Amino acid sequence: MRNSILASLAAVLALLAAYDAQPMAQGRPRSGGEEFVSEGVPRMPNPPGPAPKRDLSGAWVGPQNNKPDRVPPMTAAGEAQFKLRKAYGDATRSESLGASNDPFITCDPLGFPRDLLAHAVSSRGGTLFGSAPNRILIAYEQQRVWREIWTDGRALPKAVDVRDAPESRYFGYSVGRWENDTTLVIDTTGLDERAWLDEAGHPRSAMAHIQERYTRTDQYNLQLTVTVDDPKYYTKPWTFMRANFYWMKAQDFAETLCIPSEAIEYRDTLARPSGIDAK
Amino acid sequence: MRHPYIGAIASVATVLVLSVLAAAQNTQQNNAPRSPWKYYPADRAVGDGGPAPKRDLTGTWAGASSGAAVPRSRVNPKNPPAPPLTPLGQQLFDRNKPLTKYSPAGTNDMHVRYCDPYGFPQNMTNEIRGMTITTTPTRTFVLLQYMDLWREIWTDGRTLPTNVGGRGRDAHDPKYNGYSIGHWEDDYTFVVETTGLTPTTWATDSGYPHSVDARVTERFHRDSKNDLTLTITMDDPKLYTKPFYIGDVHFRWIPNQQLDDFTCIPSELQQYLKEMGDPAGSDPSATR
């Protein structure tokens with residue numbers, strides 16, 4: 001889906017879509033250019049075989065049936081940040097499009113871990129795992145962005161945006177390790193604070209510690225649990241995401257992009273005709 | 001680097017900016033402690049590193065805009081000499097107002113005005129800072145530093161789609177990155193064919209157009225362990241009377257395999273244009 005006008009609208013439907021996304025890999029034909037990959041679609045054994053060892057490589061759809069914990073009480077600093085955020089499309093605190101300052105309205109990067117929710121544009125959360133020397137690479141359908149997870153044993157940066165330290169990033173800095181043959185654990189920090197944690201506008205600090213646990217339960221099923229530990233802004237850690245991914249039969253993604261010119265035109269001509277800026 | 005609006009004007013001042021940056025970083029880097037998380041442009045691969053491994057491009061590479069003194073192109077792919085255009089090609093070319101000629105206020109380059117995707121093939125020639133390549137059994141992935149963008153190249157023997165942007169149930173949507181297939185021509189040369197490109201994007205920074213049916217050939221040749229050369233040719237008979245040699249792009253192996261973040265942030269670009277680049281709000285791209 002390349003219609004960023006829809007991208008802006010879709011946020012309204014985001015929660016609904018994310019909490020009960022339908023499996024998309026079970027043989028239902030998908031529109032667009034996906035016939036391009038039909039020649040490469042493998043047979044899908046039923047029931048699925050066992051999970052291969054230490055291997056998530058390939059394309060997955062999700063997140064399905066996301067069941068996060070409630071966001072815990074925020075610290076005073078967290079509350080102060082949160083009050084500045086004017087969400088759009090969140091079920092609990094939604095402003096109009098013209099009044100919102102959600103950075104994704106102009107297609108600014110979603111950042112991590114908001115991109116994992118994958119419902120700011122649509123519920124199509126295609127995720128692809130690959131590898132390079134000492135690294136696992138994760139590519140996302142939404143916005144066609146990617147991040148790298150270092151597996152060479154290095155420690156995460158202890159600080160960002162200070163002398164001799166790396167700069168904060170939208171997707172942070174990540175290290176990974178196999179806890180056992182089917183569970184990959186990824187730890188991330190060093191995040192650019194401009195990005196929101198979620199569509200409600202919750203903040204996350206640059207040195208928040210975010211942990212993803214991917215457990216491949218069989219050939220086709222992958223479970224993800226994401227925890228957020230951010231004492232600067234929250235009084236305790238919590239499970240931000242608890243969802244399933246399913247092996248993508250066609251192994252191919254559409255281009256799911258938010259196009260800034262279209263999104264800005266939509267905002268300015270339809271949602272904010274008077275030009276009033278929420279910021 | 002998190003200065004996205006620099007991206008919008010970078011093509012005007014790239015050489016100067018990078019020279020200054022590289023000099024400054026060289027001085028700093030000699031004494032500063034090394035972080036495994038930072039890209040150090042002065043930490044460069046030495047020599048050719050020996051023979052190229054066979055059928056292997058995997059890893060992270062520095063491009064011409066990386067500050068790592070990567071060899072410049074023989075033919076500048078941002079502004080290559082084009083073959084004669086067809087009347088339609090000329091008409092489309094005349095509409096495009098590149099930044100280098102029209103300034104931030106006068107250009108209708110949608111990337112410069114909005115951070116819209118460059119699209120392929122321009123995303124392989126413009127803002128080429130770093131690139132990571134990885135493979136799976138059926139695909140090769142090119143992951144670009146600029147805009148955190150990835151593209152995929154199928155290597156399972158399939159053919160390219162023949163109906164992109166047309167009518168009918170079997171038609172495929174045009175894509176910013178098109179549809180790509182690849183094969184090894186020999187042990188060191190990986191050839192990629194791409195078609196089905198979103199026709200509103202430009203083939204070059206200088207505003208040369210492409211059609212949805214353009215067929216672009218990339219040849220990734222691994223010259224040695226540390227050197228990779230990409231040449232790009234476009235065959236687009238609707239718009240050009242001959243195949244268009246877009247140019248060559250060189251890459252060098254990055255020793256610590258680390259890249260920085262570098263992306264274009266739409267909201268910041270809008271702020272930049274409002275305050276500095278185009279305070280009068282002329283926005284010629286709005287008339288496209």
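The values are calculated or read from the model by the stated rules, or taken from the named source; none is laboratory data. Model, not experiment: these values are computed from the prediction. For neighbour counting, all protein chains shown are included, and Cβ atoms are generated from backbone atoms with ideal geometry for every residue, glycine included.
A few comments on the model shown:
- Any hit, the stretch A:123-134, residues being at the interface with chain B (Cβ under 10 Å from one of its Cβ atoms), of a type in the set (S, T, N, Q) and buried (at least 22 other Cβ atoms within 10 Å of the Cβ): no
- Selection over the stretch B:193-229 of residues that are surrounded by fewer than 21 Cβ atoms within 10 Å (Cβ to Cβ), not hydroxyl-bearing (S, T, Y) and not in a loop (DSSP other than H, G, I, E, B) gives a count of 5.
- Taking the stretch B:76-95 as the range and being loosely packed, with under 14 Cβ neighbours inside 10 Å and touching a residue at least 12 places away in the same chain (Cβ under 8 Å) as the test, the residues that pass are B:P84, B:L88, B:R95.
- Within the option set A:L110, A:L97, A:L84, being surrounded by 23 or more Cβ atoms within 10 Å (Cβ to Cβ) and either aliphatic (A, V, I, L, M) or at pLDDT 90 or above (or both) holds for one residue only, A:L110.
Each row is one residue, and each column tells you yes or no for (1) in a strand (DSSP E or B); (2) in contact (Cβ under 8 Å) with a residue 24 or more places away in the chain.
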{"residue": "A:P109", "(1), (2)": "no, yes"}
{"residue": "A:L116", "(1), (2)": "no, yes"}
{"residue": "A:L128", "(1), (2)": "yes, yes"}
{"residue": "A:E148", "(1), (2)": "yes, yes"}
{"residue": "A:A155", "(1), (2)": "no, no"}
{"residue": "A:P166", "(1), (2)": "no, yes"}
{"residue": "A:V175", "(1), (2)": "yes, yes"}
{"residue": "A:E179", "(1), (2)": "yes, yes"}
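- Condition met for B:W184 (crowded, with 19+ Cβ neighbours inside 10 Å and at negative phi): no
- Residues (over 10 Å from the mean Cα position of the chain (by Cα), in a strand (DSSP E or B) and modelled with pLDDT of 90 or more) located in the stretch A:130-144: A:G130, A:R135, A:I136, A:L137, A:I138, A:A139
- Answer residue from the stretch B:217-245, given it is more than 21 Å from the chain's Cα centre (by Cα) and within 30 Å of A:N134 (Cβ to Cβ) and is farthest from the other protein chains (Cβ to nearest Cβ) among those: B:S224
- A:R213 vs. criteria buried (at least 20 other Cβ atoms within 10 Å of the Cβ) and either on the phi < 0 side of the Ramachandran plot or touching a residue at least 24 places away in the same chain (Cβ under 8 Å) (or both): no
- When the criteria are applied in full, A:D102 fails the requirement of being of a type outside the set (A, V, I, L, M, F, W, C) and out of contact with any Phe, Trp or Tyr (no Cβ under 7 Å at 6 or more places or on another chain).
- Looking at B:A64, B:A82, B:A68, just one residue is over 19 Å from B:T231 (Cα atoms) and touching a strand residue (DSSP E or B) at 6+ places or on another chain (Cβ under 7 Å), and that residue is B:A68.
- Selection within the stretch B:162-180: residues that are surrounded by fewer than 21 Cβ atoms within 10 Å (Cβ to Cβ) and not acidic (D, E). The member of this set that is farthest from the other protein chains (Cβ to nearest Cβ) is B:R167.
- Hits in the stretch B:96-121 (condition: polar (S, T, N, Q) and crowded, with 24+ Cβ neighbours inside 10 Å): B:T107
- Any chance B:Y240 is farther than 30 Å from A:N101 by Cβ, among the hydroxyl-bearing types (S, T, Y), out of contact with any Asp or Glu (no Cβ under 8 Å at 6 or more places or on another chain) and surrounded by fewer than 20 Cβ atoms within 10 Å (Cβ to Cβ): no
- Filter result for the condition that a residue is buried (at least 18 other Cβ atoms within 10 Å of the Cβ) and within 14 Å of chain B (Cβ to nearest Cβ), over A:A206, A:A200: A:A206
Residue-by-condition table, conditions (1) farther than 26 Å from A:K236 by Cβ; (2) modelled with pLDDT of 90 or more; (3) hydroxyl-bearing (S, T, Y):
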residue	(1), (2), (3)
A:A77	no, yes, no
A:R93	no, no, no
A:G153	yes, yes, no
A:K158	no, yes, no
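- Exactly one residue out of A:T183, A:T188 is within 22 Å of B:Y39 (Cα to Cα) and not aliphatic (A, V, I, L, M): that is A:T188.
- Residue in the stretch B:246-267 that is away from chain A (no Cβ under 13 Å), polar (S, T, N, Q) and touching a strand residue (DSSP E or B) at 6+ places or on another chain (Cβ under 9 Å) present: no
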